[in-house]
1. Please give the direction-averaged projected area of the C-alpha convex hull for the range 168-243, in square nanometres with one decimal.
2. So what does the Cα-only Debye profile of the range 219-290 read at q = 0.14, 0.27 Å⁻¹, as log10 I(q)/I(0), no solvent term?
3. Binned at 20 Å from 0, what are the whole-percent values of the Cα-Cα distance distribution for the chain, short to long?
4. Given q = 0.16, 0.18, 0.22 Å⁻¹, what are the Debye log10 I(q)/I(0) values for the range 190-332, with equal point scatterers placed on the Cα positions and solvent ignored?
5. Pulled fully out, how much extra length does the chain show between SER115 and ALA75, if you take 0.36 nm times their separation in residues and subtract their Cα-Cα distance?
6. Over all directions, average the projected area of the Cα convex hull of the range 58-134 and note it in nm².
7. In the chain, which Cys residues have no partner Cys with a Cβ closer than 4.7 Å?
8. Please report, to one decimal in angstroms, the Kirkwood hydrodynamic radius of the range 7-177 built from all distinct Cα-Cα pairs.
Amino acid sequence: MNDDFTTTVRFAGLGRFLPEKILTNSDLEKIVETSDEWITTRTGIKERRMVADGEALVDLVVRAGAAALEDAGVAPDEVDMMIVATATPEQPIPASAAIAQPRMGLVNAVCFDISAACSGFTFAVNVARQFIATGSARNVLVVGAECLTRYCDWTDRKTCVLFGDGAGAALLQPAPAGEGILQIDWRTDGNFSDLICMPGGGSRIPPNSHESIDQGHPFIKMKGNETFKVAVRAMTELSKVILERAGIGPDEIDLFFPHQANQRIIQAVGKRLGLTDQQVFSNVAYVGNTSAASIPMAMADAVEQGRLKRGDLVLATAFGGGLTWGSMLFRF
Ligand code: UT7
């Protein structure tokens with residue numbers, strides 16, 4: 001899907017929130033048969049955050065969203081729409097965005113969730129962009145948030161070492177042509193929906209059924225090897241498509257934000273796109289894979305570290321369950 005970019009959209013503010021509790025690789029050594037050495041060399045992850053007892057998704061959404069509003073200098077009552085991208089909502093009904101709304105004072109905002117797993121943030125940005133481009137919204141808050149540790153199978157070393165909790169948020173506003181988002185594109189391929197999934201907890205295998213609990217269905221399951229290969233290929237190819245459409249070469253990119261799933265994937269995609277290590281941002285070592293929160297948290301981190309500056313030309317790409325993937329090119 002390609003569209004006309006007469007009105008663009010910019011990231012006017014960014015925010016992130018990480019739960020306090022840290023789960024290190026050595027903590028995991030006590031839970032499953034693994035080692036810091038294996039996790040570090042195969043994934044690049046050293047630690048991840050974990051929600052505490054009594055803490056849940058909306059607590060993260062509220063904190064990251066408020067930080068993005070403050071960064072943009074936008075008052076809560078000026079927000080027209082909030083989209084929460086998550087695969088791990090606070091509860092099935094209502095949407096996490098609706099639960100968060102009164103706590104954030106978003107009195108004039110329509111609020112809803114979208115589900116596109118790790119690509120959720122790029123998908124939500126693209127949805128927000130349509131409303132801003134048509135003039136029906138001016139201030140749209142997009143939050144990527146996950147409590148993945150609540151859905152980890154702590155007996156499955158192939159998955160439980162990967163995921164972490166957190167939230168990242170961006171306040172989107174209209175921008176003059178040539179600024180903000182220059183290209184964005186997205187894809188879905190449901191033929192491979194079994195590569196990353198959680199079969200239980202929905203209407204096929206309800207969460208309250210014995211089958212769901214007894215057969216371990218309400219946990220994240222992933223075919224790691226296959227996912228790895230498809231993730232690298234998909235993020236690379238779609239990023240090449242949008243770079244070509246924009247007439248931008250790899251040397252013109254100031255900073256690249258690939259989905260923070262695994263350091264080896266991050267490096268492989270960067271290399272295939274012809275980018276240097278300096279152009280590729282990574283924070284997977286201390287947050288792990290935070291799915292929909294991954295890219296906005298990385299962007300907020302990069303600003304904090306002084307690596308992402310206003311005016312920079314930025315490429316971002318995500319890949320996740322669905323399968324879904326998305327890429328965007330923007331002038332920050
Ligand atoms: O967010 C959505 C996108 N997600 C991704 O893109 C993730 C993609 N996949 C990956 O990142 C990697 O495939 C993993 C990190 C999940 C796994 O790395 P791998 O290099 O593909 O390892 P593997 O699954 O091929 O396993 C190699 C060996 C196996 O042992 P055997 O069968 O060779 O004896 C595993 O049992 O490593 C073993 N292993 C572990 N050993 C210690 C798997 N997990 C662990 C572990 N600790 N945590």
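1. Values: hull surface 32.7 nm².
The Cα convex hull of the range 168-243, projected and averaged over all directions, gives 8.2 nm².
2. Reported log10 I(q)/I(0), two decimals: -0.45, -1.31.
3. With a bin width of 20 Å, the distribution comes to 34, 59, 6.
4. -0.84, -0.99, -1.34
5. Numbers: separation 40, 0.36 × 40 = 14.40 nm, distance 2.67 nm.
Computed gain between SER115 and ALA75 is 11.7 nm.
6. Computed as one quarter of the Cα hull surface, the answer is 5.0 nm².
7. When partners are defined as cysteine Cβ atoms under 4.7 Å apart, the chain leaves CYS111, CYS118, CYS147, CYS197 without one.
8. Hydrodynamic radius (Kirkwood, Cα only) of the range 7-177 equals 16.7 Å.
The numbers here are math on the coordinates, done by the rules we state, and not lab data. Since the model is a prediction, treat every value here as computed from it, not as a measurement. Heads up, the Cβs are rebuilt from the backbone with ideal geometry, glycines too, and the neighbour counts pull from every protein chain shown.
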